[in-house]
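One structure below.
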Amino acid sequence: MQAIPFGKWCMIGLVCLLLGEQTGQAEVLASKAQAVPAHQAERHLKNIRQLTVGRQNAEAYFSFSGTKLIFQSTNNWMNNTDATPLKPAEAGLGCYQMYVMDLGSDRVHMVSTGKGATTCGYFFPGDQRVLYSSTHASGPSCPPKPKREGAYRWALDDYDIYAVGTDGQEMQRLTSAPGYDAEATVSPDGKTIVWTSVKDGDLDLYAMNVDGSKPRRLTREIGYDGGAFFSPDSMRIVYRAAHPTDQAEIDKYQDLLKQSLVEPGQLEIFVMNADGSGQRAVTSNGASNFSPFYFPDGKRIIFSSNIETKGEGGRPSFHLYAIGEDGQALERLTFDGHFNSFPMFSPDGKSLVWVSDRQAKTPGEFNVFLADWVP
């Protein structure tokens, strides 16, 4: 979602820790996306284009029309309201801010306040409004980094969820409980938001109406539940979870939680019905499995995992995989770079957007990539 000086990614905090900090200067994003060759084994990816260049760019998600992306970035981009190349300012941001990119024109503009830290952007139906989480109500500065003590750990900063027009106007606060409220996405039918909150003393999934009304708790097992997305028919939810089993693990988890910290080195993919019933694991491989998203057919799930490098020393590799909702037919999809994650299919199922360190020129650089999907 995350040693990086600007907090965490909502989809997984440990990835930035594993891959290191990026300190180089940002570069210019070309007015037309750069073509990138696919690895010979990436048979499902065609016509790969790199949409951003430099620093950290993460969690890019399609609008309902498929013509725009919302993403978070540490590039301090000057809004390009015409077709000129997008030129990031020489100095980057200390933590993520939220941007919208028009895929037809490459125009990018900030939709967040420019204060605090932001994460987890998503469109509402109609593409005129977006939601994201932000700490700006707690102060204009980036939240301090947590003490990691050599562990894969990130801070549960005081995020709340906001809705705002794509012009950055008419902001509405959707959550107001103390502590962490983030990782929000919208159902394809446009009726429901699912998100992760610590408001009842644990990291659980909740749902609410798109106007913020009628919040209800979906998960109750001790441990972390988050990174949720709806199935194409809005009837099911896929998410990641880390549930400690023995008392020592539970005590450690709850002690960290009191310090507003979480340390889920092992995550499994789960599915459940949209009302929270029928919860079951899809994976049980002991790896760090995260950022799941449904295939357009609603029968398979794409996700990121370090399953092939778990437990190994040195730099781990995270790649995209496909798996049936029944936990069968695992298939590796990406082979280039050390980090591939945050995948999302376009609404028509013809394109895939994801984040990768392929083609990176400095350690810890992550960029947004777009490809035609080959079934």
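The values are calculated or read from the model by the stated rules, or taken from the named source; none is laboratory data. What you see is a predicted model, and the numbers here were worked out from it, not measured in a lab. With ideal geometry, Cβ positions are generated from the backbone for all residues, glycine too; neighbour counts draw on all protein chains shown.
General remarks:
- Check on residue 277, modelled with pLDDT of 95 or more, in a strand (DSSP E or B) and small (Gly, Ala, Ser): no
- Members of the range 213-245 that are acidic (Asp, Glu) and crowded, with 21+ Cβ neighbours inside 10 Å: 225
- For the range 276-292, filtering for residues that are out of contact with any Lys or Arg (no Cβ under 6 Å at 6 or more places or on another chain), over 15 Å from residue 230 (Cα atoms) and among the small types (Gly, Ala, Ser) leaves 4.
- Filtered by the rule that a residue be β-branched (Val, Ile, Thr) and either within 11 Å of residue 71 (Cβ to Cβ) or surrounded by 24 or more Cβ atoms within 10 Å (Cβ to Cβ) (or both), the range 101-136 gives 108, 111, 118, 119, 130.
- Annotation note: Cβ proximity below 8 Å between a residue of the range 269-297 that is surrounded by fewer than 13 Cβ atoms within 10 Å (Cβ to Cβ) and polar (S, T, N, Q) and a residue that is modelled with pLDDT of 95 or more and outside any strand (DSSP E or B) (sequence gap 6+ or interchain) occurs for 284/327.
- Any hit, the range 59-77, residues being assigned to a loop (DSSP other than H, G, I, E, B) and modelled with pLDDT under 90: yes
- Wholly enclosed strands (runs of 3 or more DSSP E) of the range 316-375 bearing at least 1 residues among the aromatic types (Phe, Trp, Tyr) and over 14 Å from residue 289 (Cβ atoms): 340-345, 351-356, 367-373
- Screening residue 213 against (1) over 22 Å from residue 127 (Cβ atoms); (2) within 21 Å of the chain's Cα centre (by Cα); (3) polar (S, T, N, Q) leaves a single unmet condition, (2).
- The lone exception for residue 208 - which of (1) surrounded by fewer than 18 Cβ atoms within 10 Å (Cβ to Cβ); (2) more than 18 Å from the chain's Cα centre (by Cα) it fails: (1)
- Hits in the range 162-205 - residues which are over 23 Å from residue 275 (Cβ atoms), outside any strand (DSSP E or B) and hydrophobic (A, V, I, L, M, F, W, C): 171
- Residue, farthest from residue 238 (Cα to Cα), within the range 252-268, restricted to residues that are surrounded by 21 or more Cβ atoms within 10 Å (Cβ to Cβ) and modelled with pLDDT under 95: 262
- Yes/no for residue 143 being surrounded by fewer than 18 Cβ atoms within 10 Å (Cβ to Cβ) and of a type outside the set (S, T, N, Q): no
- Residues in the range 334-351 that are more than 13 Å from the chain's Cα centre (by Cα) and under 16 Å from residue 68 (Cβ atoms): 6 in all.
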